[in-house]
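The values are calculated or read from the model by the stated rules, or taken from the named source; none is laboratory data. Computed from a prediction, not measured in an experiment: that's the story for all the values here. Note: ideal-geometry Cβ built from the backbone for every residue, glycine included; neighbour counts use all protein chains shown.
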């Protein structure tokens, strides 16, 4: 099952996606995040009835527009860790985004002049939490996963490396395309390709089951620090092939589109616009 947040007449609604251009509205919920707060969210989504409504790609909002928590994982694919000259970690490297960083899966990403000189791409798989998770064991973690989505994690490398803390280069306003929808865990299998493209040129590729710390390990680790609530998201990290690690370095230019595709989850594609 696929669930989306769709824009319509200045507002949004949660919907069950039927095809890539049609969906059934789930009455009473403005977005997928609100829906996930209900204990019986799966039943509500499955039983939603009514005429299918058509939508365009640009009608899609960030699938969960305002999670309570956006927990990001750095250095979580072995090939990326090695290209950045680091050793494999023994524990996950965590940092956070704020909801202001999220934007629709096909929205333009507007980049201010002062932050466009070292603009990099990072395609990532997102885990969406389906119910409150506190001190969960890895063996039980699947019970707490609602599903998965795709994130296009624009990164301002000059800001990122100003200090030892990465957050400032990772949370610019409306810089992370998120969606295109939530694919429930029963409809997704790990092992397919995650690929990132710049103007159609493949820059990153990895199988999704090549994470150093998989979803279960991440939920266990994070939920022993603070609880995760329904609708919270874990952004699991990016593979090798980022522009900053290339020789010579390569960055995103004005007007260039970054596309992130994950087998079984769909794609997000954001055009870069320098302000």
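Summary of computed values
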{"item": "Criterion (at pLDDT 95 or above, closer than 22 Å to residue 167 by Cβ and part of a strand (DSSP E or B)) met by exactly one of 3, 94", "result": "94"}
{"item": "Residue in region 73-90 that is crowded, with 20+ Cβ neighbours inside 10 Å, in contact with a strand residue (DSSP E or B) (Cβ under 8 Å, 6 or more places away or on another chain) and under 19 Å from residue 131 (Cβ atoms) present", "result": "no"}
{"item": "Candidates 191, 169 - the one that is modelled with pLDDT under 95, farther than 27 Å from residue 6 by Cβ, in contact with a strand residue (DSSP E or B) (Cβ under 6 Å, 6 or more places away or on another chain) and surrounded by 17 or more Cβ atoms within 10 Å (Cβ to Cβ)", "result": "169"}
{"item": "Qualifying positions in region 12-30 - buried (at least 21 other Cβ atoms within 10 Å of the Cβ) and assigned to a loop (DSSP other than H, G, I, E, B)", "result": "26, 29"}
{"item": "Counted residues, region 172-188 - those being in a strand (DSSP E or B) and either free of Cβ contacts under 8 Å to residues at least 24 places away in the same chain or surrounded by 21 or more Cβ atoms within 10 Å (Cβ to Cβ) (or both)", "result": "8"}
{"item": "Residues of region 210-226 satisfying the condition of being out of contact with any helix residue (DSSP H, G or I) (no Cβ under 9 Å at 6 or more places or on another chain) and closer than 13 Å to residue 127 by Cα", "result": "222"}
{"item": "Which numbered condition residue 33 misses (of (1) part of a helix (DSSP H, G or I); (2) within 30 Å of residue 246 (Cα to Cα))", "result": "(2)"}
{"item": "Test: residue in region 106-122 that is within 18 Å of residue 167 (Cβ to Cβ), in a loop (DSSP other than H, G, I, E, B), in contact with a strand residue (DSSP E or B) (Cβ under 6 Å, 6 or more places away or on another chain) and modelled with pLDDT under 95", "result": "no"}
{"item": "Some residue of region 39-54 being closer than 25 Å to residue 269 by Cβ and surrounded by fewer than 13 Cβ atoms within 10 Å (Cβ to Cβ)", "result": "yes"}
{"item": "Filter result for the condition that a residue is closer than 30 Å to residue 31 by Cβ and either in contact with a strand residue (DSSP E or B) (Cβ under 6 Å, 6 or more places away or on another chain) or assigned to a loop (DSSP other than H, G, I, E, B) (or both), over 197, 159, 221, 251", "result": "197"}
{"item": "Residue within region 131-145 that is part of a strand (DSSP E or B), surrounded by 23 or more Cβ atoms within 10 Å (Cβ to Cβ), under 17 Å from the mean Cα position of the chain (by Cα) and at pLDDT 95 or above present", "result": "no"}
{"item": "Flag if residue 206 is in contact with a helix residue (DSSP H, G or I) (Cβ under 8 Å, 6 or more places away or on another chain), more than 19 Å from residue 70 (Cβ to Cβ), assigned to a strand (DSSP E or B) and in contact (Cβ under 8 Å) with a residue 40 or more places away in the chain", "result": "yes"}
{"item": "Conditions (1) closer than 30 Å to residue 167 by Cα; (2) touching a helix residue (DSSP H, G or I) at 6+ places or on another chain (Cβ under 8 Å); (3) touching a residue at least 60 places away in the same chain (Cβ under 8 Å); number of the one not met by residue 66", "result": "(3)"}
